[in-house]
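Asker: Please see the structure below; I have some questions.
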Amino acid sequence: MSPVLPANATAAVVAQGAAAGYTVVLLDVTAACGDARTGCTDGCAHHPGQAGHRAMAALAVPVVQAAMGWAPV
């Protein structure tokens, strides 16, 4: 999967949703995988495993909390 093309298409959809009045947040957790995006390939067939998902969740939690108005835990 290209790190550019899906991100561009997703960003366009987020912009369309925001323009239509929806509260939309683009959550990009690719930084959790490191510069070469190899830090999230601890699962099978170069997919995220337990450590990769944990790293992505750590980036996602504060964004979801802010978007939902939840107090940090």
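The values are calculated or read from the model by the stated rules, or taken from the named source; none is laboratory data. Because the structure is a prediction, the values reported are computed rather than measured. Because the Cβ atoms are built from the backbone with ideal geometry, glycine has one as well, and the counts that use them run over all protein chains shown.
Asker: Just to check your reading of the model, which residue among VAL25, VAL29 is under 17 Å from PRO6 (Cα atoms) and in contact (Cβ under 8 Å) with a residue 40 or more places away in the chain? Quick ask: steps written out before the conclusion?
Answerer: Numbers: VAL29 fails: in contact (Cβ under 8 Å) with a residue 40 or more places away in the chain.
None of the other options fit; the residue is VAL25.
Asker: Given ALA66, ALA9, ALA58, which one is part of a helix (DSSP H, G or I) and modelled with pLDDT under 90?
Answerer: When all the criteria are applied, what remains is ALA9.
Asker: Still on this structure: Among ALA58, ALA66, ALA36, ALA45, which is the only one that is loosely packed, with under 13 Cβ neighbours inside 10 Å, out of contact with any helix residue (DSSP H, G or I) (no Cβ under 6 Å at 6 or more places or on another chain) and touching a residue at least 24 places away in the same chain (Cβ under 8 Å)?
Answerer: The unique qualifying residue is ALA58.
Asker: What do you reckon, is GLY21 of a type outside the set (S, T, N, Q), surrounded by 11 or more Cβ atoms within 10 Å (Cβ to Cβ) and modelled with pLDDT of 80 or more?
Answerer: No, not satisfied.
Asker: For ASP35, state whether it is of a type in the set (Asp, Glu), in contact with a Gly (Cβ under 9 Å, 6 or more places away or on another chain) and not in a helix (DSSP H, G or I). Before you say what the answer is, go through the steps one by one.
Answerer: On the way: of a type in the set (Asp, Glu): yes; in contact with a Gly (Cβ under 9 Å, 6 or more places away or on another chain): no; not in a helix (DSSP H, G or I): yes.
No.
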